[in-house]
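The values are calculated or read from the model by the stated rules, or taken from the named source; none is laboratory data. Note that the structure is a prediction, hence the values are computed from the model and not measured. Virtual Cβ from ideal backbone geometry, glycine too; neighbours counted across all protein chains shown.
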Amino acid sequence: MFVSNRPRNVSRRSALKLGLAASCSSLIPASLSLASNAFAQEQSPKQPAEENTAVGSQAQPFTFDALSARMQQQAKEDYKAPDSSLPDIIANLSYDQHRAIRFRPDHALWRTEPGEFHLQAFYPGWVFKDTTKIFIGTGGVYEPHVFDASDFEYRPPLDPSKFQSLKLAGIAGFRIHAPLQRPDYFDELVTFLGASYFRALGSGTRYGLSARGLAINTATSETEEFPRFTAFYIDQPQPSDSSIRIMAELDSESLTGAYLFVITPGHTTTIETTCRLYPRTDITRLGIAPLTSMYTFGENDHSDHEDFRPEVHDSDGLFVRRASGEELWRPLKNPQTLALSYFQESSPLGFGLLQRDRDFSHYQDTEARYDLRPSLMIETLGDWGNGTIELVEIPTDSEANDNIVAFWVPEEKASAGKSMEFRYRMKWGLSTEDETLMARVSGTYVGIGGNAAEAKDNPTSRRFAINFTGGSIHNLPDDASLEPQIDVPSNARLLDSSVSRLPDGGWRIALEIEREDSQPVELRVKLSMLQRIVSETWLYQWTSTT
C-alpha cells in the first residue's frame, strides 16, 4: 500500500505503522500516544455531519480565500462530530480483509487523459472508519466525485458479491501517482490517509516518515488531539501542468483550518504549503508542520535484543537551520523514558527529520530498505517569529511505531477567535540539504567511558565519537590544525578530547564526558579553524538512562 516500486503485497509490519494501536511504555504519560497510533486512536468522529458542497461559477470561483472564510465561520460554530457509521461488513473488516480490497488501476482518475498525474482512492474500514470527501475542480468550479464499489476489486478471502451493492459515503483517503522514475510508469507520489497524515516520495525513495497537517497537545498533560482533513478540493491537472494543486478542510474539537498544497514531483519532491488556522478554544500546545518518524536503534545506541540488522530507523537526526545561518544536527535516539528537547528560535529558516545514512550495509534489510527512506525538510516562508522547535522521542521496542515527532510551536498562543497563517515548503527526497562549505555530521558513536579492557568502566561517563565530513575541511592536509569547540553544561565535565583524521577524508572529534548528577546533559560540539567555524553544530542529550 505504501511502498513505491515494490510488490503491492505490503507487509503487516508496514501496515502496522499506518494504523494499528501499539502499547505505550508505562513510563510514558497516559495522554501521550505513539505517533503511529494516530490512524487508529480516533476515539470520536470528527467530520461535520452535513454534506460538504463547493459552489463556484465562472464569475465567482471557489478560491482558497473562500475556503478560508468558510472555515473561519465554521470555527465560530459548535463542533459537530461526523457520521462515521459504516455498513457492518465494512466497519468490521480485519487487517487481512481490508488488505484484500484494492483500487482498480484502470479506474484511476485522469488515467485516459494526457498529463502527469493519476488519482486512486483507499477503501474505508478496518482502522479507517472516518471518511473524507473528494471534489474535483476546473476553473474554480468543484464537483463532488463519488467512488463506488465497482472502483475496487475484492480478492480472496472476500466474496465480491457482498460489496457490489454498497454505497460509499466517502473514502478513507487517496493517493496521487506520477512518473517519478520513468515516463511510462506512474509511481506513487503522495498519499493522504488517516486524520491529517500524508506521505510523499522523491525519485528513488520508499515511503518512510510522515507529515501531519497539525499537532495539538502532543507531549503535554492533556489528551492529544488529531485533527482531520474532512474534504479535499483537487484541481484537475492539465496536460502541461508539472504540479498538482490541492485544497483541504481541517476540523477538530479545538479548531478549523484551510490548507493549500502545491505538489511538484522530482528527484526532490516539493510541497508548497499554506495553512490558515482558526481556533475554537484556547490550545495549550499548537504544533506547526509536524513530522513523525521511526527510530528503533542505530549507530549511537544499541538494540537490547538480538537483531541481524545493525540499524533500524526511518530518520537518523533532526536538522535545524537558524536565522543566523548556523546549522544544528541532533542525532535521534530511542530513550528508555520519554525525552523532550526544545530549541528556542527566532525566525528559523527551516528544520527537518533527515535520513543521512545511505549505506545499505549499515541496515542490511532487503525488504524495508531503510537506506532509501526519504528525508523531509521544512523550509519556512515568511517570518515565523519567535517560537520553539520541539523534538519528542518516545521509547519503543518495535519498528512498527513512529516514535519520533518534531514540530514548530509558535510563541504566539493559539487563542479562541484568533486567526493564524503559516507558509512553508516541504522537500522530500534522498538529499534535501543545500550544498555548503560547512562540514556536516556523518556519524555519532557512543559507548561506556573508562578503560573497558581493564574492566574499570565508569557508569557515570560516556565516550562520544563524532564524524564530520564534506565541506572545505575535506581538502585539508592530514596535519592540519583543527580546534574542537566543546560546550559542556555545569552538571558534567570534560575528561578528554581529541581531533583525528578519518580514512575517508573526514575528521573525528572524540571526547569523554563524566556526569555529576542524574539530570540530562546537553552537549554541543563543532569544529573551528583560524578562529572561524568550519562545521555544523552537533547537539546531544545524554540522559542517565542512555
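Residues that are more than 24 Å from residue 393 (Cβ to Cβ) and acidic (Asp, Glu) were ranked within segment 487-511; the one that is modelled with the highest pLDDT is 496. Each residue in segment 102-144 was checked for being of a type outside the set (Val, Ile, Thr) and either over 28 Å from the mean Cα position of the chain (by Cα) or farther than 22 Å from residue 195 by Cβ (or both), and 21 pass. Applying the criterion of at least 1 residues that are surrounded by fewer than 14 Cβ atoms within 10 Å (Cβ to Cβ) and assigned by TED's automatic domain parsing to the domain that holds residue 375 to the strands (runs of 3 or more DSSP E) found wholly in segment 391-485 leaves 420-429. Within segment 253-267, the set of residues being surrounded by fewer than 20 Cβ atoms within 10 Å (Cβ to Cβ) and not in a strand (DSSP E or B) comprises 253, 266, 267. Residues that are touching a helix residue (DSSP H, G or I) at 6+ places or on another chain (Cβ under 6 Å) and farther than 25 Å from residue 337 by Cα within segment 201-235 comprise 205, 206, listed in sequence order.
Got a sec? Which of 222, 249 is of a type outside the set (Phe, Trp, Tyr), assigned by TED's automatic domain parsing to the domain that holds residue 146 and modelled with pLDDT of 95 or more?
That would be 249, the only listed residue that is of a type outside the set (Phe, Trp, Tyr), assigned by TED's automatic domain parsing to the domain that holds residue 146 and modelled with pLDDT of 95 or more.
Residues in segment 370-422 that are touching a helix residue (DSSP H, G or I) at 6+ places or on another chain (Cβ under 7 Å) and among the aliphatic types (A, V, I, L, M): how many? Counting residues in segment 370-422 that are touching a helix residue (DSSP H, G or I) at 6+ places or on another chain (Cβ under 7 Å) and among the aliphatic types (A, V, I, L, M) gives 2. Checked against (1) at pLDDT 95 or above; (2) exposed (fewer than 15 other Cβ atoms within 10 Å of the Cβ), residue 66 meets all criteria but (2). With respect to residue 351, determine if the residue is among the aromatic types (Phe, Trp, Tyr), touching a Pro at 6+ places or on another chain (Cβ under 6 Å) and modelled with pLDDT of 95 or more. So residue 351 fails the test.
For segment 495-528, give me the residue count where each residue is among the small types (Gly, Ala, Ser) and surrounded by 13 or more Cβ atoms within 10 Å (Cβ to Cβ). Break it down stepwise before answering.
Filtering segment 495-528 down to residues among the small types (Gly, Ala, Ser) leaves 497-498, 500, 505-506, 510, 518, 528.
Still in the list and also surrounded by 13 or more Cβ atoms within 10 Å (Cβ to Cβ): 497, 505-506, 510, 528.
Residues that pass the stated criteria total 5.
Looking at the structure I just gave you, is residue 231 assigned by TED's automatic domain parsing to the domain that holds residue 425, within 20 Å of residue 121 (Cα to Cα) and assigned to a strand (DSSP E or B)? When the stated conditions are applied, residue 231 passes them. Is one or more of the residues making up segment 379-397 of a type outside the set (Lys, Arg), modelled with pLDDT under 95 and out of contact with any Leu (no Cβ under 7 Å at 6 or more places or on another chain)? Yes, segment 379-397 contains at least one residue that is of a type outside the set (Lys, Arg), modelled with pLDDT under 95 and out of contact with any Leu (no Cβ under 7 Å at 6 or more places or on another chain). crowded, with 20+ Cβ neighbours inside 10 Å, at positive phi and out of contact with any Gly (no Cβ under 9 Å at 6 or more places or on another chain): is that true of residue 115 in this structure? Considered against the rule, which asks whether it is crowded, with 20+ Cβ neighbours inside 10 Å, at positive phi and out of contact with any Gly (no Cβ under 9 Å at 6 or more places or on another chain), residue 115 comes out as no. Looking at this structure, is residue 147 within 19 Å of residue 231 (Cβ to Cβ), under 28 Å from the mean Cα position of the chain (by Cα) and hydrophobic (A, V, I, L, M, F, W, C)? Here the answer is no, as residue 147 does not meet what is asked. With the structure loaded, tell me whether residue 218 is closer than 22 Å to residue 276 by Cβ, assigned to a loop (DSSP other than H, G, I, E, B) and among the polar types (S, T, N, Q) or whether it fails that test. Yes, satisfied. Selection of segment 350-379 for residues being more than 21 Å from residue 404 (Cα to Cα) and either hydroxyl-bearing (Ser, Thr, Tyr) or crowded, with 18+ Cβ neighbours inside 10 Å (or both) yields 361, 366. Quick check: is even one residue across segment 39-57 under 23 Å from residue 292 (Cα atoms), in the same structural domain as residue 290 (by TED's automatic domain parsing) and either at pLDDT 90 or above or part of a helix (DSSP H, G or I) (or both)? Scanning segment 39-57, I find at least one residue that is under 23 Å from residue 292 (Cα atoms), in the same structural domain as residue 290 (by TED's automatic domain parsing) and either at pLDDT 90 or above or part of a helix (DSSP H, G or I) (or both), so the answer is yes. Restricting attention to segment 534-546, the residues that are surrounded by fewer than 16 Cβ atoms within 10 Å (Cβ to Cβ) and under 18 Å from residue 319 (Cβ atoms) add up to 0.
Of all the listed residues (293, 242), the sole one being out of contact with any helix residue (DSSP H, G or I) (no Cβ under 9 Å at 6 or more places or on another chain), assigned by TED's automatic domain parsing to the domain that holds residue 366 and small (Gly, Ala, Ser) is 242.
Among the residues of segment 239-276, which ones are of a type in the set (A, V, I, L, M) and over 27 Å from residue 201 (Cβ atoms)? If the condition is that a residue be of a type in the set (A, V, I, L, M) and over 27 Å from residue 201 (Cβ atoms), then 255 is the only one that fits.
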